[in-house]
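The values are calculated or read from the model by the stated rules, or taken from the named source; none is laboratory data. This is a predicted model, so every value here is computed, not measured. Don't worry about glycine lacking a Cβ; one is built from the backbone with ideal geometry, like all the others, and counts go over all protein chains shown. Just so you know, the surface numbers come from the protein's heavy atoms only, side chains and all, with ligands and any DNA or RNA stripped out. Shrake-Rupley method; radii C 1.70, N 1.55, O 1.52, S 1.80 Å.
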Amino acid sequence: NGLIDVAAPIYIGGRNLGNLFTGQFFFEPPDMDYFRRQAEEFGFDREEYLKALSAVPVFSREHVKLHMNFLLRLAQVVGETGQARLQLLELNAELARHKSHLEELVAERTAELETAREAAEAANKAKSYFLANMSHELRTPMTAILGYSQLLQRDSSLKKDQRRFLETINRSGEHL
């Protein structure tokens, strides 16, 4: 009957996401006698049917091709933009997950460092306490040893070897 419908698939990213349909039209003026007979054959209201057909536009094939190409490109751009937006949303969600995980790692590491700092401070205090006590424990007898070795060095009756032994005791004690 010359009445044309055009449909074209819309492919985005290699996937058929839908189809683009146009309304009906003619490539050339319709044969109104044909449509009068069709109205009678199917029991349509002839005047209304012919009136509706007279509103159907007549386009050239080139005109339809240009419009369809434009509409397909437009649909593809809209689809690709939507697809890019979805990818952006997915990437933002993934970035948020990574950020949250990183914040958890930083919190864990901070807690570990705080525990290590507290342990180091406790070890430092223990070391200081130990050294203070050991220093006292060593200094008291060492003072006595040095005092007696110095007194003994004043003794003129000491033999040369004994004096050398006392000098070694005194030097080692001073060193300690």
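A few points about this structure:
- Selection within region 140-161 - small (G, A, S) and open to solvent by 100 Å² or more (accessible area, probe 1.4 Å): S156
A quick yes/no check of all residues on (1) over 14 Å from the mean Cα position of the chain (by Cα); (2) open to solvent by less than 80 Å² (accessible area, probe 1.4 Å):
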site: G82; (1), (2): yes, yes
site: R85; (1), (2): yes, no
site: E90; (1), (2): no, no
site: L95; (1), (2): no, no
site: E103; (1), (2): no, no
site: A107; (1), (2): yes, yes
site: A111; (1), (2): yes, yes
site: T115; (1), (2): yes, no
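- Counting only residues that are under 16 Å from F26 (Cβ atoms) and either open to solvent by 60 Å² or more (accessible area, probe 1.4 Å) or polar (S, T, N, Q) (or both), region 53-72 holds 10 of them.
- Within region 157-176, residues that are part of a loop (DSSP other than H, G, I, E, B) sit with their Cβ atoms under 7 Å from residues that are open to solvent by 90 Å² or more (accessible area, probe 1.4 Å), at 6+ positions apart or across chains, in these pairs: L176/L138.
- Failed criterion for N19 (all others in (1) part of a loop (DSSP other than H, G, I, E, B); (2) open to solvent by 80 Å² or more (accessible area, probe 1.4 Å) hold): (1)
- Tallying residues that are in contact with a strand residue (DSSP E or B) (Cβ under 8 Å, 6 or more places away or on another chain) and either open to solvent by 90 Å² or more (accessible area, probe 1.4 Å) or charged (D, E, K, R) (or both) within region 22-52 yields 3.
- Taken across region 5-14, residues that are surrounded by 11 or more Cβ atoms within 10 Å (Cβ to Cβ), out of contact with any helix residue (DSSP H, G or I) (no Cβ under 9 Å at 6 or more places or on another chain) and assigned to a loop (DSSP other than H, G, I, E, B) do not occur at all.
- Pair list, Cβ < 7 Å and 6+ apart or interchain, from region 46-60 residues that are within 22 Å of V6 (Cα to Cα) to residues that are open to solvent by 70 Å² or more (accessible area, probe 1.4 Å) and outside any helix (DSSP H, G or I): V56/Q24; V58/E28; V58/P29
- Every pair of residues 6+ apart whose Cβ atoms lie under 9 Å, when the first sits in region 128-156 and is closer than 15 Å to T168 by Cα while the second is modelled with pLDDT under 85 and of a type in the set (A, V, I, L, M): M142/L176
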